[in-house]
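Peer 1: Before I ask anything, here is the structure I am working with.
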Amino acid sequence: MQTSFTPEQLRDPDMRESNRILRTCVHCGFCTATCPTFVLLGDELDSPRGRIYLIKDMLESGRPATPEVVTHIDRCLSCLSCMTTCPSGVHYMHLVDHARRHIEETYRRPLPERLLRRLLSLLLPYPGRFRAALGGARLGRMLAALVPGTSMTAERLRAMFRLAPSALPAPSPMQRPQVHRAEGKRRGRVALLTGCAQQVLAPSINEATIRLLTRMGVEVVVTHGQGCCGALDHHMGHHAPAMRLARANIAAWSAEMEDGGEGLDAVVVNASGCGTMVKDYGFLFREEPAPWAERAAKVAAIAMDVSEALERFGYAPTREPPGLTVAYHAACSLQHGQKITALPKDLLKRAGFAVKEPAEAHLCCGSAGTYNLLQPEIAGKLRERKLGHLERTHADLIATGNIGCLTQLTGGALPVVHTVELLDWMAGGPEPGAVAQARRARREAMAEQGAR
Ligand code: SF4
Ligand code: SF4
């Protein structure tokens, strides 16, 4: 694609990068067929190619974002399916990130939307605030059906209340800053990103990760000062808070890696949306003054999804196969963002599960960070489509590697669990609640069949 940025514009490193990305696109349109919003809406401007044109025009002109551009960029899930499909290697992720930042800097959203985005930014990345807010949201959940109107704001409020869980698990002491010693001879030392929303919604995921790794001889450090990876803000175009959160993590992990620390073999991330972000810290901080660019690159270089860490340290189950079939839901951030496709399924099979894959496994479930709150209609349609495919596998339960997908898919016919909880169970950990639920459903189905 030809571009016409001025030399002055190209002095900006973000613009230089976007120019480079735009020039790799050959407008072939292969990406449209695998883009969830194009599949649903059928509008070229809701396809990757259409969005690339819109972004090019917006950035080249240097003008503030228009409502039309904002509409189509906001509808993008950042699922990165287009990056998997693209034969030319267009780095759509960095391009759309730049576009979102430009939008936030130049476009004034309507007041209700500004307030909602600010609220999400103030609550979600902070576990204490998020927990308190969910307490109120549980009351809201009961009132969700009473929210009047069909406006976008009313839809968003209903979506927020619907997604709030009916009960919250107690906070886990294992997630507090501390060192979890390895069992037996120490074979490795890793930092665990305990995350923000995940540690409130499902502390069992971090608990399973810590149990499993320490049992495998890996010391797990939960460092002081780490927190949200910054992705929630980053995907809303809130650059400054995203960088502040990322910098705090880089500082916390660098303290372990640099002189005086005990060293790290990996930074383990068990929410794949966060993993994609942490692996991109090197790019995000590339222009930052010393020591940040170098520190960020080092952190990014050792960041691993939990499935990669389990493979590296030699996961081996100890229980007999449970006789359960798992439908594996590939989170977009894992399959498209990190290109980790076979490994989680291989680990599940090694653990003794029969693994099935749904049709259209490449399409997003509609979760996408805050997307299901900001674009509830599209997110709802994608959820129904995904649940339909997952249920048609006739599996006992769904496994996935991302808390966003887990929350989005909960409430369908099949229980949903994080992959690591199943792997931990098969290696001596407690049975996940979703498994008990799946076994109960199977017993009931058999009893019903017997009664016929
Ligand atoms: S597949 Fe790649 S090169 Fe082709 S239009 Fe899409 S982004 Fe451009
Ligand atoms: S990131 Fe996903 S929704 Fe956005 S353009 Fe690419 S395929 Fe479409």
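Readers should treat all values here as calculations from the given coordinates under stated rules, not as data from a laboratory. These numbers were taken from a predicted model, which means no experiment stands behind them. Here the Cβ positions follow ideal geometry from the backbone for every residue, glycine too, while neighbour counts run over all protein chains shown.
Peer 1: Kindly state, to the nearest 0.05, the FRET efficiency for ARG11 paired with ALA301, given R0 = 35 Å and r defined as their beta-carbon distance.
Peer 2: With R0 = 35 Å, the Cβ-Cβ based efficiency is 0.75.
Peer 1: Which distance in nm do the two modelled labels at ARG186 and GLU258 give, with both placed 7 Å along the Cα-to-Cβ direction?
Peer 2: It works out to 2.1 nm between the two label points.
Peer 1: Extension gain ALA248-TYR107, at 0.36 nm per residue separation less the Cα-Cα distance, in nm?
Peer 2: So the chain would gain 47.9 nm between ALA248 and TYR107.
Peer 1: Could you rank the peptides 104-117, 223-236 by their average count of other C-beta atoms within 10 Å per residue, with the highest value first?
Peer 2: 223-236, 104-117
Peer 1: Net charge near ARG186, counting Lys/Arg +1 and Asp/Glu -1 over other residues with Cβ under 11 Å of its Cβ?
Peer 2: Local net charge: 0.
Peer 1: For a Förster distance of 41 Å, can you work out the FRET efficiency between the beta-carbons of LEU115 and ASP43, rounded to the nearest 0.05?
Peer 2: 0.90
Peer 1: Hey, got the dipole for the range 173-311? About the Cα centre, +1 on K and R Cβ, -1 on D and E Cβ, debye to the nearest 20?
Peer 2: 320
Peer 1: What's the percent breakdown of Cα-Cα distances in the range 318-451 across 10 Å bins, shortest bin first?
Peer 2: 13, 44, 32, 10, 1
Peer 1: If you rank ASP346, ASP280, ASP259 by fewest surrounding Cβ atoms within 10 Å, what's the result?
Peer 2: Ranked by crowding around the Cβ, least crowded first: ASP259, ASP346, ASP280.
Peer 1: Could you compute Rg(Cα) / (2.2 N^0.38 Å) for the chain, with N its residue count?
Peer 2: 0.98
Peer 1: Let me ask another. In whole Hz, what ³J(HN,Hα) sequence does the range 323-339 give by Karplus (6.51, -1.76, 1.60; θ = phi - 60°), x for Gly and Pro?
Peer 2: x, 10, 9, 10, 8, 8, 9, 7, 5, 4, 4, 7, 6, 9, x, 10, 6
Peer 1: For the chain, what is the relative contact order in percent, using Cα pairs closer than 8 Å and at least 6 residues apart in sequence?
Peer 2: 13
Peer 1: Can you give the local net charge around ALA301? Use residues other than it whose beta-carbon is closer than 15 angstrom to its beta-carbon, Lys and Arg +1, Asp and Glu -1.
Peer 2: That sum, taken over residues with Cβ under 15 Å, equals -2.
Peer 1: Also, quick follow-up: What cysteines in the chain have no other cysteine with a beta carbon less than 4.7 Å from their beta carbon?
Peer 2: CYS25, CYS28, CYS35, CYS76, CYS86, CYS365, CYS405
Peer 1: Still on this structure, please answer the following. Give me LYS339, LYS56, LYS345 ranked fewest to most by other Cβ atoms within 10 Å of their Cβ, as a rough exposure proxy.
Peer 2: LYS339, LYS345, LYS56
Peer 1: Once phi is turned into ³J(HN,Hα) by the Karplus curve 6.51 cos²θ - 1.76 cosθ + 1.60 with θ = phi - 60°, what whole-Hz value does each residue of the range 368-380 show in order, with x for glycine and proline?
Peer 2: Per residue, the Karplus-derived 3J(HN,Hα) values read 6, x, 9, 4, 5, 8, 8, 10, x, 5, 5, 4, x Hz.
Peer 1: Taking each pair of different alpha-carbon atoms in the range 173-311 once, compute 1/r for the pair, average those values, and report the inverse of that mean as the Kirkwood hydrodynamic radius in Å to one decimal.
Peer 2: 14.9
Peer 1: To continue, here is another question. For the range 1-23 and the range 399-433, write down the distance between their C-alpha centroids in whole Å.
Peer 2: Going from one Cα centre to the other spans 43 Å.
Peer 1: Would you count, across the chain, every pair of lysines whose alpha carbons are under 21 angstrom apart, provided the pair is eight or more residues apart or spans two chains?
Peer 2: Count of close lysine pairs: 9.
Peer 1: Run the helix sum for the chain: -39,500 (n - 2.57) per DSSP H stretch of 4+ residues, divided by residue count, reported at 222 nm to the nearest 500 deg cm²/dmol.
Peer 2: -15500 deg cm²/dmol
Peer 1: Arrange CYS79, CYS86, CYS35 by Cβ neighbour counts within 10 Å, fewest through most, would you?
Peer 2: CYS86, CYS35, CYS79
Peer 1: So for the pair ARG442, SER172, with labels modelled 7 Å out along Cα→Cβ, what separation do we get in nm?
Peer 2: Between ARG442 and SER172, the simple spin-label model gives 2.4 nm.
Peer 1: Taking H as built 1.01 Å from N, whose amide H comes closer than 5 Å to the amide H of ALA327, not counting residues under 5 places away?
Peer 2: Correct list: LYS356, ASP396, LEU397, ILE398, ALA399.
Peer 1: Can you give the net charge of the other residues whose Cβ lies under 12 Å from the Cβ of ARG385, counting K and R as +1 and D and E as -1?
Peer 2: Residues close to ARG385 contribute a combined charge of +1.
Peer 1: In percent, how large is the relative contact order of the range 173-311, given Cα pairs closer than 8 Å and 6 or more residues apart?
Peer 2: 25 percent.
Peer 1: Can you tell me the equivalent ellipsoid semi-axes for the range 258-320? Use √(5λ) from the Cα gyration tensor, largest first, whole Å.
Peer 2: Equivalent-ellipsoid dimensions as semi-axes: 28, 15, 7 Å.
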